[in-house]
1. Given the residues 267, 274, which is the only one that is more than 18 Å from the chain's Cα centre (by Cα) and closer than 16 Å to residue 296 by Cα?
2. Suppose we filter 222, 235, 195 for residues that are away from the ligand (no atom under 14 Å from the Cβ) and within 30 Å of residue 279 (Cβ to Cβ); which single one remains?
3. Quick one: residue 187 ticks every box in (1) touching a residue at least 24 places away in the same chain (Cβ under 8 Å); (2) more than 16 Å from the ligand (Cβ to nearest atom); (3) surrounded by fewer than 22 Cβ atoms within 10 Å (Cβ to Cβ); (4) under 30 Å from the mean Cα position of the chain (by Cα) bar one, so which box is it?
4. Which of the residues belonging to segment 168-184 are surrounded by fewer than 18 Cβ atoms within 10 Å (Cβ to Cβ) and either farther than 20 Å from residue 87 by Cα or away from the ligand (no atom under 16 Å from the Cβ) (or both)?
5. Would it be correct to say that residue 194 is out of contact with any strand residue (DSSP E or B) (no Cβ under 7 Å at 6 or more places or on another chain) and surrounded by 15 or more Cβ atoms within 10 Å (Cβ to Cβ)?
6. Say whether the condition of being under 13 Å from the mean Cα position of the chain (by Cα), modelled with pLDDT of 95 or more and surrounded by 19 or more Cβ atoms within 10 Å (Cβ to Cβ) is met by at least one residue in segment 40-54.
7. Of all residues being exposed (fewer than 13 other Cβ atoms within 10 Å of the Cβ) and outside any loop (DSSP other than H, G, I, E, B) in segment 119-167, which is nearest to the ligand (Cβ to nearest atom)? Just the residue, please.
8. Could you give me the residue pairs with C-beta distances under 9 Å whose first residue belongs to segment 80-106 and is under 15 Å from residue 60 (Cα atoms) and modelled with pLDDT of 95 or more, whose second residue is more than 16 Å from the ligand (Cβ to nearest atom) and in a strand (DSSP E or B) wherever it lies, and which are 6+ apart or on separate chains?
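The values are calculated or read from the model by the stated rules, or taken from the named source; none is laboratory data. Computed from a predicted model, the values in this text were never measured in an experiment. Note: ideal-geometry Cβ built from the backbone for every residue, glycine included; neighbour counts use all protein chains shown.
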Ligand SMILES: [Mn+2]
């Protein structure tokens, strides 16, 4: 029996879509996810680990990120666990960009030609052939399947590593599923698609683990890394191990039971959890008044929630943005704020930075129009008190 871990699309160095309050914590999260993966490989005593591309978000990986990755795979070297590393369209391989040697347990697919790595496991007498390639450019328009060798009959298991898309045409090594199955391999360790997906659980097991750590609100379906067991000449078991440190969650909160702000505040904060970046929708808000609507639409509620939780956005979904906020200021004051002299200053500044041929477009009329449109904008958004603006 042999076991291995299949990882893809880690995108280390990719930034997170998140509220400012989360940035400090999120900075190191990608590194923790990698450490979590290595911990799992050691704990589960797997026989090898496959990285099926886009381990790094960029082809030019920072020195710190390289050093951290090398440190982590060295931990596997101590346990004699081989690492098979293939590069995808994001982290396409250029040897000259690496500041460190990979340790002896790391097997690289270094080029776009298909190569086969052979691992012999003396404890069980099993042999594994692993065929794959790396991107050395961001785009590969042809299927790489014709270059993959026939199933190696001298090996107990044959695994394919393939970063690409299951499509008739495309820019990321497009392949056909039937061609892939025809190779007769036991397992295909796919990469590229961020949503976890099993394309075949027949004799050839073909799967995308998906990204183990989402980086934006679209990546809210995360499974983790795949733990695969090979036994009796076939894939016996495949299951995901979650390793994400932060989750994205779109949540709709029903507020029909909330009759005042106190109840609404409790209903919202009670369902929020830590280590989750939320996109919140508030529904059935009919029992709540303008004060509630103002607090949501002005961003005040969002700021409050972000003192304790991570909320990317919050919106009311069951009513139009109908009510205007009362500014309790005089209309005349607003008019003074957008004074004619200021408009002239704006106009002069704009003219200073443009070719003289355009000067005549930015004349006195332009200033007046600008002033009026700013005023109208404010009138549309807010309820003002005091004198009426006649014009
Ligand atoms: Mn990719």
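1. Of 267, 274, the one residue that is more than 18 Å from the chain's Cα centre (by Cα) and closer than 16 Å to residue 296 by Cα is 267.
2. 222 is the lone residue from the list that is away from the ligand (no atom under 14 Å from the Cβ) and within 30 Å of residue 279 (Cβ to Cβ).
3. Status for residue 187: all satisfied but (3).
4. 168, 169, 176, 177, 178, 179, 181, 182, 183, 184
5. Taking the combined requirement at face value, the residue satisfies it.
6. yes
7. If we take residues in segment 119-167 being exposed (fewer than 13 other Cβ atoms within 10 Å of the Cβ) and outside any loop (DSSP other than H, G, I, E, B), then 146 is nearest to the ligand (Cβ to nearest atom).
8. 87/108; 93/108
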